[in-house]
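Here the structure comes first, spelled out in structure tokens, and everything after it is commentary.
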Amino acid sequence: MNVDQQQQAQPHTEDEPLYAWSTYQVSGGVEGSGPSGTCRAERTARACLEAALQAAVVHSHAYSWGQLSRVSADVDLPFHLWSRAPVAWAEPGPSDTVTWRPGPAPHPR
């Protein structure tokens, strides 16, 4: 059993941080959202966000970016209303790379 499997086997408690990742695109002046998810480990969330951004570049001519945030789970609220603290944002770079920058993503250009 690897570390990720061990972490998945443990029940999540509300006071443990989670990492939410979301992707966004702008094409023709229209903004949209793409794949998103939640992970227990920041490293895993970053890998998921990078994979989603790299896939978006292959299948779209839109400008894409993603946001990674630390979230606090609140079972009494829907996911989109959970408290978020931006950790970093990312955008596709040259040669199938992803460029990371700290903090919240700026408003799309």
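Where a number appears in this text, it was derived from the coordinates with a stated rule and is not lab data. These numbers were taken from a predicted model, which means no experiment stands behind them. Cβ atoms come from the backbone with ideal geometry, glycine included; neighbour counts cover every protein chain shown.
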- [ ] Set the Förster radius R0 to 22 Å, insert the Cβ-Cβ distance between Asp96 and Val30 as r into 1/(1 + (r/R0)^6), and round the FRET efficiency to 0.05.
- [x] 0.30
- [ ] Using a cut-off of 13 Å between beta-carbons, work out the net charge of the residues near Arg46 (Lys and Arg +1, Asp and Glu -1, Arg46 not included).
- [x] +2
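Take the Cβ-Cβ distance between His61 and Ala85 as r, set R0 to 30 Å, and report the resulting FRET efficiency rounded to the nearest 0.05. Walk me through the numbers before you get to the answer.
Numbers: r = 32 Å, r/R0 = 1.07.
Efficiency computed from Cβ-Cβ geometry: 0.40.
Among rounded, prolate and oblate, which fits segment 26-85 when a ≥ b ≥ c are the square roots of the eigenvalues of its C-alpha gyration tensor, a/c under 1.5 means rounded, and a/b larger than b/c means prolate? Walk me through the numbers on the way to the answer.
Numbers: a/c = 3.05, a/b = 1.60, b/c = 1.90.
Oblate, since a/c reaches 1.5 and b/c is not below a/b.
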Open item on the list: Using amide H atoms built in the peptide plane, which far-off residues or other-chain residues are under 5 Å from Ala73 H to H?
Closed with: Leu18
